[in-house]
Amino acid sequence: MSVLLKNATYIDWKTLEFSVQDILAEENRNSITLPGDPGEVIRKQKPEVIDCSGKIVTKSFAVGHHHAYSALARGMGAPKRSPENFLEILKYVWWTLDKCLDPEMIEASALVTAIACAKAGSTFVIDHHSSPFAVKGSLGIIAGAFEKVGVSHLLCYETSDRDGQQVAAEGLEETSSWLEHHQGLVGLHASFTVSNNTLKQAVEMMNRFNTGIHIHVAEDLHDQDICLREHGKRVVQRLSEAGVLNSPKTLLIHCLHLENSEREIICNSPAWVVENSESNLNNNVGYFDGACFGENIMLGTDGMHSDMLQSARSAFFNGQRYDTINYESAYRRFRNVHRYLNENGFTGDGENSLVVLDYDPPTPFNSDNFPGHFIFGIGTHNVRDVISGGRVIVRDRQLTTVSEADVMTSARKQAERLWKKMSE
Ligand SMILES: [Zn+2]
């Protein structure tokens with residue numbers, strides 16, 4: 001299968017070079033070609049042809065940290081008790097929700113998430129999943145749903161001891177059975193919910209499968225307080241001593257409440273930091289500051305939504321007071337996820353994944369001022385077509401792979417079941 005994007009204004013996502021081109025994206029080929037004679041290509045390969053005159057074409061986007069499992073929470077009623085701090089938000093909202101998830105709800109959540117990602121231009125998702133009473137097989141369900149929509153993935157199960165040793169063991173079992181046959185990460189919830197024994201087993205598994213750990217780090221001060229009380233050390237020191245930071249595949253999510261010594265440990269390691277500024281605002285836990293982390297910073301949505309352009313814009317605006325960020329570094333953080341995936345040999349994020357933007361700005365638009373348009377202009381409403389691995393998955397803002405209406409109808413039924421179960 002292949003698709004020919006005719007007469008596109010192509011923006012090289014690395015160099016920001018603009019050129020008017022015909023672009024051929026093929027399945028099973030990680031690169032794109034710019035054919036000299038499109039007529040010959042059309043005759044020989046019979047690609048799907050999309051007229052991109054006056055349209056922008058560039059590499060599609062990817063989500064650095066997501067929680068598909070939270071997708072059915074939108075519009076949900078208030079919890080039985082009103083949370084007054086971050087730990088209570090987890091206990092009364094998310095840890096109540098994830099305990100009620102069953103396979104049907106997990107599948108609906110993943111389909112809804114994949115559709116939202118695709119329509120927002122993302123063709124790759126790094127997900128962090130939790131369903132403590134439906135652990136076994138959960139990663140396969142999410143993968144199936146993502147692939148049905150046409151979104152590639154790097155999955156993990158977020159193991160923790162918060163629901164007891166049995167559930168923790170199931171989390172690690174699900175992880176290892178997944179990693180036997182698929183690319184993925186070893187997920188842990190956060191330092192404060194992970195025992196020394198679970199942490200040790202997770203790092204052993206990370207080494208055995210030559211992968212990384214995906215964990216929330218110092219999202220709230222609570223994580224540090226518990227770590228100091230129970231382990232007599234700070235979170236990054238604990239994770240570092242356990243070996244978590246030894247892998248360039250490791251993802252440290254949030255990293256808000258860190259001392260300089262911890263920032264240095266991260267900076268001197270190959271591990272990555274993932275910023276989720278809107279989630280931090282929503283949970284009122286603090287502000288991200290990229291100081292001393294080096295270049296290995298990327299962006300996620302933390303399950304808030306699936307719109308990476310919005311995440312980039314939010315990182316830029318929230319960073320004005322507490323972070324050192326400008327148009328260019330906001331764009332780099334937005335695109336760093338491709339470097340993370342590529343440098344670590346993960347598949348599914350090739351150059352044959354593209355987005356067609358219907359963006360008709362009122363001002364000149366070129367390589368030099370691209371970053372200004374990126375922050376203040378281009379939005380998800382401009383995403384017209386999306387090509388994932390050489391396959392068109394969104395055409396004229398409509399999914400081509402699944403019926404969005406059918407998925408939403410069935411998701412609403414699953415949401416009603418979930419909300420009812422949560423209120424029981
Ligand atoms: Zn998260």
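Loop-located GluC sites (Glu not before Pro) across segment 71-147 with a Cβ neighbour count of 12 or fewer within 10 Å are Glu84, with loop assigned by DSSP.
Here is the list for segment 10-60: GluC sites (Glu not before Pro) lying in DSSP coil, each with at most 13 other C-beta atoms within 10 angstrom of its C-beta, are Glu17. Taking 27 Å as the straight-line reach from the Cα of Lys44, the lysines in range (excluding those fewer than 8 positions away in the same chain) are Lys6, Lys55, Lys59.
With only Cα atoms counted, segment 217-308 has Rg and Dmax values of 12.8, 39 Å.
Rolling a 1.4 Å probe over the protein heavy atoms leaves Asp22 with an accessible area of roughly 30 Å².
For Leu199, the solvent-accessible surface computed with a 1.4 Å probe is close to 10 Å², ligands and nucleic acids excluded. Centre-to-centre, using Cα atoms only, segment 69-112 and segment 314-339 are separated by 29 Å. Extension gain for the segment Ile226 to Ser410, taken as residue separation times 0.36 nm less the Cα-Cα distance, is 62.2 nm to one decimal. With only the Cα atoms considered, segment 366-424 has a convex hull volume of 151 Å³ per residue. Rg and Dmax, both from the Cα atoms of the chain and both in Å, are 21.3, 70.
Residue separation of Asp102 and Asn28 scaled by 0.36 nm, minus their Cα-Cα distance, works out to 23.2 nm of gained length.
In a simple Cβ point-charge model (Lys, Arg +1; Asp, Glu -1; nothing else charged), segment 12-67 has a dipole of about 120 debye relative to its Cα centre. Element breakdown for the chain at a 1.4 angstrom probe: carbon and sulfur atoms account for 48% of the accessible area.
For segment 136-268, the relative contact order comes to 21 percent (Cα pairs under 8 Å, sequence separation of at least 6).
Dipole of the chain, Cα-centred, from +1 at each Lys and Arg C-beta and -1 at each Asp and Glu C-beta, to the nearest 20 debye? Let's see the in-between values first.
On the way: 40 positive and 54 negative charges, 94 e Å.
The calculation lands at about 460 debye.
Could you work out how far helix 165-179 tilts from the main Cα principal axis of the chain, as a 0 to 90 degree angle to the nearest 10? The angle comes out at about 30 degrees.
Comparing Thr211, Thr96, Thr58 in a Gaussian network model of the chain (Cα springs below 10 Å), the most mobile by mean-square fluctuation is Thr96. Calculated mean residue ellipticity, 222 nm, the chain: -12000 deg cm²/dmol, from DSSP H runs (n ≥ 4) at -39500 (n - 2.57) each, averaged per residue and rounded to 500.
Counting only protein heavy atoms and using a 1.4 Å probe, the accessible area of Asp289 comes to about 40 Å².
Write out the GluC sites (Glu not before Pro) in segment 293-387 meeting two conditions: DSSP loop, and at most 13 other Cβ atoms within 10 Å of their Cβ.
Glu295
Working from label points 7 Å from Cα in the Cα-to-Cβ sense, the Gln165 to Asn284 distance is 3.9 nm.
Think of the chain as a dipole: +1 on every Lys or Arg Cβ, -1 on every Asp or Glu Cβ, centred on the Cα centre; then among Ile378, Asn296, Pro79, Pro79 lies furthest on the positive end. Let a ≥ b ≥ c be the square roots of the eigenvalues of the Cα gyration tensor of segment 65-186; is it rounded (a/c under 1.5), or, if not, prolate (a/b larger than b/c) or oblate? Verdict is oblate for segment 65-186.
The values are calculated or read from the model by the stated rules, or taken from the named source; none is laboratory data. Source: prediction; values computed, not measured. Glycine gets a Cβ as well: all are built from the backbone with ideal geometry, and neighbour counts include every protein chain shown. Keep in mind that these areas ignore ligands, DNA and RNA; they rest on the heavy atoms of the full protein, side chains included. Shrake-Rupley method; radii C 1.70, N 1.55, O 1.52, S 1.80 Å.
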